[in-house]
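The values are calculated or read from the model by the stated rules, or taken from the named source; none is laboratory data. A quick note: this is a predicted structure, and the numbers were derived from the prediction, not measured. Here the Cβ positions follow ideal geometry from the backbone for every residue, glycine too, while neighbour counts run over all protein chains shown. Only protein heavy atoms, including side chains, enter the accessible area calculation; ligands, DNA and RNA are left aside. Shrake-Rupley method; radii C 1.70, N 1.55, O 1.52, S 1.80 Å.
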Amino acid sequence: MDSKKAAGEKAAEYVKNGMKIGLGTGSTVYWTIVKLGEMVKEGLRIEAIPTSEQTEKLAIELGIPLFKPYPSMKKLDLTIDGADEVSSDVNLIKGGGGALLREKMLASYSSVFITVVDHSKCVSELGHFPLPVEVAKFGWELTSIQIARLGCAPTLRMANGAPFITDNGNYLLDCPFDTITNPAEMTVKLNRIPGVAENGLFVNMTNILIVGRADGMVRIHEN
Ligand SMILES: O=C(CO)[C@H](O)[C@H](O)COP(=O)(O)O
């Protein structure tokens with residue numbers, strides 16, 4: 001079995017009747033969403049908020065009931081999402097799919113945040129994967145210069161020959177730091193820069209990590 005499929009499907013086992021859940025974005029959580037679609041057809045009652053337009057489309061196709069955040073909303077019971085890197089102390093780099101802002105919002109509004117990855121995403125320290133940072137279009141060059149002062153050479157993410165636009169109408173800068181030794185400090189430094197909407201570091205957010213292996217088995221780590 002595919003290691004992404006193994007991790008993604010395992011996470012669906014944590015979803016119970018009546019839950020309000022956040023649905024992540026990417027090719028690993030895809031398998032969670034497909035499994036949840038099957039479970040809904042078999043009678044599971046859930047309501048979900050997607051972290052991207054791509055996930056929203058998939059959830060609608062699969063018949064998963066969706067809802068929008070509302071002022072009186074209490075915490076979501078659960079959010080399940082993928083990651084681009086997971087460090088040995090279970091901090092994450094996310095945003096490879098460009099959905100990091102909504103992903104971080106839903107993860108932080110959830111009682112439980114489950115991260116699903118294949119084994120290739122596990123590293124000792126974060127930073128090999130260029131850190132995605134979502135920035136306002138206005139003055140993005142100035143924002144990029146400020147980020148560069150933190151020790152990287154940001155590049156503007158492109159798609160089909162034009163700047164990639166996030167679901168929130170912003171640009172994305174991919175920031176190769178090599179190693180991020182203190183992700184908590186880096187998060188604060190990045191988010192202090194005017195023009196930064198959010199960065200892809202998810203520090204101390206994961207409650208349950210599910211790692212899929214090539215043999216189709218999973219390793220589960222509870223934080
Ligand atoms: O952060 C993300 C999207 O913004 C994804 O969770 C991340 O890129 C992992 O994707 P995949 O499961 O396809 O490897």
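Observations on the structure shown:
- Residue that is farthest from the ligand (Cβ to nearest atom), among those in the stretch 36-57 that are open to solvent by 70 Å² or more (accessible area, probe 1.4 Å) and assigned to a helix (DSSP H, G or I): 41
- Residue tally, condition under 13 Å from residue 106 (Cβ atoms) and at pLDDT below 95, over the stretch 30-77: 5
- Residue that is most open to solvent (accessible area, probe 1.4 Å), among those in the stretch 18-30 that are touching a residue at least 40 places away in the same chain (Cβ under 8 Å) and within 14 Å of the ligand (Cβ to nearest atom): 27
- Any hit, the stretch 149-169, residues being under 30 Å from residue 112 (Cβ atoms) and in contact with a Ser or Thr (Cβ under 6 Å, 6 or more places away or on another chain): yes
- Restricting 33, 60 to those that are in a helix (DSSP H, G or I), away from the ligand (no atom under 16 Å from the Cβ) and of a type outside the set (S, T, N, Q) reduces the list to 60.
- Figure legend. Inter-residue proximity from the stretch 121-139: first residues of a type in the set (Phe, Trp, Tyr) and more than 12 Å from the ligand (Cβ to nearest atom), second residues in a loop (DSSP other than H, G, I, E, B) and open to solvent by 20 Å² or more (accessible area, probe 1.4 Å), beta-carbon distance below 8 Å, spacing 6+ or different chains. Indicated pairs: 138/195.
- With respect to being among the acidic types (Asp, Glu) and within 16 Å of the ligand (Cβ to nearest atom), residue 77 falls outside the description.
- Residue identified as under 24 Å from residue 9 (Cβ atoms), aliphatic (A, V, I, L, M) and within 10 Å of the ligand (Cβ to nearest atom) among 107, 99: 99
- Residues being in a loop (DSSP other than H, G, I, E, B) and either open to solvent by 50 Å² or more (accessible area, probe 1.4 Å) or modelled with pLDDT under 95 (or both) - total across the stretch 1-17: 6
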